1. Enter the mean projected area of the convex hull around the alpha-carbon atoms of chain C, in nm², rounded to one decimal.
2. Determine one quarter of the surface area of the Cα convex hull of the range B:68-165, which equals its mean projected area, and express it in nm² to one decimal.
3. Under 4 °C and 1.567 mPa s, how fast does the range D:135-244 diffuse according to Stokes-Einstein, given a Kirkwood radius computed over C-alpha pairs? Answer in µm²/s, whole number.
4. Heavy-atom accessible area per residue, the range A:2-257, 1.4 Å probe: how many Å²?
5. Run the 1.4 Å probe and let me know the accessible area of B:C33, rounded to the nearest 10 Å².
6. Any chance you could look up the accessible area of B:S187 with a 1.4 Å probe, heavy atoms only, rounded to 10 Å²?
7. Could you give me D for the range D:55-96, from Stokes-Einstein at 25 °C and 0.890 mPa s, where the hydrodynamic radius is the Kirkwood radius over C-alpha pairs? Units µm² s⁻¹, please.
8. Considering chain C as a Gaussian network with a 10 Å cut-off on Cα pairs, which listed residue, C:G236, C:G259, C:G59, attains the greatest mean-square fluctuation?
Amino acid sequence: MTSRRLGNWLGLAYALTVFAFIFLPVAVLVLYSFQGGRLPVPPFDGPSLKWYGQIFADRKLMSALANSLGVAAISSAVACVLGFLAALGLARQRIPGAALMRSVIIAPLTVSYLIIGLGLLASLNASGFRPSLLSVGIGHAVINTPLCFAIIYSQTGAHQINFERAARDLGATELRVLWHVSAPVLAPAILASYFLSVTFSWDEFIIAFLLSRFEVTLPVEIWSLLRSGLNPKTNAIGSIVFLSSVLLVFALELLVFRKRGNP
Amino acid sequence: MELRKAGIFFAAVSMTATAAAEATESLNALVWCDHTDPALIEPFEREHDVRVNLKEYEGTGTALAIVDQSRPGDWDVFVIDGVDVPRAVDAGLLAPLPADELPTENLFPELVMPENHTRDGVTYAISEKFGYNTISYNRDNVDPADMTDMSVIWGDKYSGRIAVYDYYLPIIGMVALGLGINTAEISASDLPAIRDKLFEMKDNSKQVGEVVSSQTAIATGEVDVLVGGGEWVTAGLTTELPELDWVVPEQGGVRWSQSIGVFAESEKKELALEFVKYILSPEGQARLATSSCYWAMPANMAAAEHLSDAQRAALRWNSQPDYLARSQLYPAPDIELDAMMQDVWTEFLQR
Amino acid sequence: MTAELSIVDVGRDFGGQAVLRDVTLKVAAGSYAVLLGPSGCGKTTLLLILGGFLDPTRGRVLIGGRDVTGMAPARRPTTTVFQDYALFPHMSILENVGFGQRMRGLSRRERDAKSLEFLDLVGLAGSERKKPHELSGGQRQRVALARALAVNPDVLLLDEPLGALDLNLRRLMQDELKSIQRRIGTTFVHVTHDQEEAMAIADEIIVMDKGTVMDSGHPDKVYLRPRNQFTAAFMGEANFLNGRMTETGSRVQVETEFGSLELPSEAFIGGDREAEVQLFFRPESIRLGMAPAGALALGDAIVEDSAFLGTHRRCLFRLNDSESTLIKAWFRQGESVSAGQSLPIWIGIDSILCY
Amino acid sequence: MSGGAWTRERILALGFVLPALAWTLVFFVAPFGFMVAMSLWRRAGAELVRDWSLVNYLGFLARPHFVEGLLNSIEIAAIVTAASVALAYPLAWFIAARVPAGWQRIALALAIVPFWTSYVVRSYAWTLVLSNKGVVNEWLTSAGLISEPLQLSSTRFATVTGFVHFFVMLSTLTIFANLKQLSPNYARAAADLGAGGFQTFRLVVLPLTLPGIMVGGFLSFALCLGDYITPQILGGNNELVLPQIIMLQLGRRADFPMASALSIILMLTVTLAYLACARWLKLERA
């Protein structure tokens, strides 16, 4: 029994060490966002809120924030709708070539973002379209559609088909089946995939970097902030992104998943 | 239920996003990062009620790549290294400027550079800011006397305490000066020797980085010597880090200068010209000289009256005649030599 | 290779809720005991405590007189056949069965020989090279059994081992389990919620509900003379009638709505003699026709439903005098009773128990 | 269900699949095809020359510093993958097996909280931790363990640390999920048959959680191989990985053909890793 107890203590010590490693950069980031001086390195001479004041006064940063939210919300909605419909179609019926279609839809998931971005940039140039937030949104929808599809598809099954058959049997039109039966039944998967894809889009850098120009998303703006001076302002915006993401995740957890009692 | 909530959230977010992108007249400028300082841009935006869209880049190759990927009419204003103006003129990128509306006579004489800025009597660009790529160092940690000899950058005396600015043209220029080659005369046959010295330098350096990571490295004590540094690194930091210094070595220094021009394909040439005039005005010059990304000398001498004594001291205003006399311009290779230099540089990074 | 098992005042709480309370029982060495009860009655918790996978909050567990409370599963003289079999999917059948031997440091040759012996015992000789997913449910069950037996435990614990099998296979395995147990003599403790399975294999049935032992004993005792109404109802179909008891000297008289009857004292289980009682009798003790003297005549009853169930005919009677009471009755196959008939029925005194 | 009959239901189902399929074809498959074509063209001076040749691929092979970039990428990805899985496994196990059930979600959430800092910012934060005047060196100096700051920043160590930080979180998730879906009876059965803690782990739990390890490992490897930001911010340009070289082609000379060719080489590497993984998993199953 004592060796087991010793094992537990060692396990706990190990877990705490890894947690410390995981939290170290975040803690340093947040601490030095309150730095008083111009450089976010020891010694700490804060606390000061001036860098937070500066980011809220920074027009470019704030519009990048709005752009990020917009691109994330809209591209994820597109990805979600495409993924949902495809999942439904492939779950409902055995269509000839279904396996091939599945692989095509899933394919972007297996390719690095850099390559997806590069391919889109090259084709965009060749076809004469200007890079813009629209192209960033398209890029993000490309990477998130397979994600949404995979999540929603994994939740469809025989019961899904039966619900839909029952609804049609009771006289519902296709559109009503979709709206009143299929979507609500899959709502947890749809929501989960939507928010996951919002997170991915929100945090994505390389595609946004390659496919944007003046209107940029937050990660790209942070990147250029980084290139224009080591400065606690970067810490402040990073801390705010961190805090708001964590709040969003916890709110979701409470609102959506806890209520459903999912594990 | 949740779907409906998500729908409301989605609608709210989309509306916020569209509201943020309100439409006004805009001017698109391709610039180095010093032009992105709101303190420089906002007075112009207010006065002309326009929005200036800025895309920053580092290095002419990058800028040309961006132009290459754009469509005609996308760009209005171009800020480009002075030595690369002929390349841009060759490529037909720049529009003629009305020389009589520009304060050419107020510029430091060395910055007029008619061989670069004019062709067949037509002016295509004008210098706006200049400085030096030499050696920055931390006076407390190195012997300032060592810094006056260019060979210190590839020597091993300060091994592991050297950072190199990641832009191939000035650094190759510095190495060439150290080897006694004039920057304007670098040819493919000089490259092997330059390459060897670059590699020696790499072996003794701690990192190679862009503007910011270079500034950061020397400001935080990560390194004590910055190859390619100059007033653009130290001037903005003089009050906080007075121990940072820079020097033009005996062999001379590399001078960089930025020029500004209007794109030939621009559909807003008048507004673009207004922007050029604003940047060249004494107030604009003072703001540009002390902008947040990096400080450096304004090309227009009239900016002096808008700079404080401390700012002029940080920029070493009074030493300029000496520095100008002892410095050479960036190398300006043709396309083939440029490709070779970039290859050497990639090799240098990979080492 | 067998030992007596005794459980003394064992209790277990989960989050402040008592899942087991004061369970005390003994299982004789070499007997086949079945823990029987509805789901959530605590039988699986008790089995986990016996196996050492869960420590009891209170009380002790003794095997062969030795206190094993708090002893790690590996060191106990018990092994468990898990409900999901827990066969290691990445190992062959032979490796699975030999796992315990391997842990005991036996050489490969020794343990292979022993494993083959046990595979033979469960009738799986020849499948030793296969992997678990290549076997049927029944075969996996046998492998799990062989694996648990191969380390020669004193007590074998089986957690709903036949739950995943279909009816015919279950019957077959019941017989086999029993015959294997007879052959090797190890004490078996088997958990199930199926009372037919329990009666088919047990030497002793322990009926549990809500964390306590409700009844225990040989199957016929538990079936025929259940200690309480719960056991009576759980062990098979049961009829209950309200009655009122009057006691005059040594004679005990019970009044029902069908008249009064005199019951022998053995009919009173537990000895409680309360004024309000419940008369209990099994459906197979109902007889058709006129009641003989001393028997309880239920009068003419209307046949609400009559179904042929193969082994017997099951009928539902509505008693004339009572609108609500339905009596379940089983008759021989040949008895012709059809819905709508009105027939007199009665029960012999010795078939009635009183609670 | 007969093979080829196009019932109304089937046509409808196909209609549902079409938008996603068309989207992927237009915005993923076609651009990718274009990129493959592009990789067979070449850039001469400032011009794009559309003649078909392997000049870019040969150019890759002819430049040792490009090939070295690929090798650096693979080496770093391999180190990162191994370190991440090795660090993550015990943590995932501890959360799954030792943390009380009610607290597991919270422990897991804590383990991935830094995931929600912006990716760019996370790499930047490591420069603050690892620089000469950074937190680690300050601590070690004030603890008297070192007199000269350790050279942690602008090294491969820094790049690897930044990557590992991210992939430990990811692998903890995949391995935890795998551990949780294992029936607790496997470990019980092993213990019951006399296996000690370590034997139970080595002989039963570890083999059964290999799929989780492989998924986490492959994801780490693939994502690591394709990433530009972390080596760019943390590596100090002391060595280049392939994505950095790709970005150099793109950013400094707009050499799309070369960038495309290098991208395809990168993708082939990931595909090979995937095939190796899949084959290995299949062997394991059989």
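1. 21.9
2. 10.1
3. For these conditions, the coefficient is 76 µm²/s.
4. 40
5. Its heavy atoms expose roughly 10 Å² to the probe.
6. Here the residue's solvent-accessible area equals roughly 40 Å².
7. Result for D is 197 µm²/s.
8. So, out of C:G236, C:G259, C:G59, the one fluctuating most is C:G259.
The values are calculated or read from the model by the stated rules, or taken from the named source; none is laboratory data. This structure is a prediction, so every number in the text was calculated from the model and none was measured. Please note: Cβ atoms are built from the backbone with ideal geometry, for glycine as well, and neighbour counts cover all protein chains shown. Heads up: the accessible areas ignore ligands, DNA and RNA and are worked out on the full protein's heavy atoms, side chains in. Shrake-Rupley method; radii C 1.70, N 1.55, O 1.52, S 1.80 Å.
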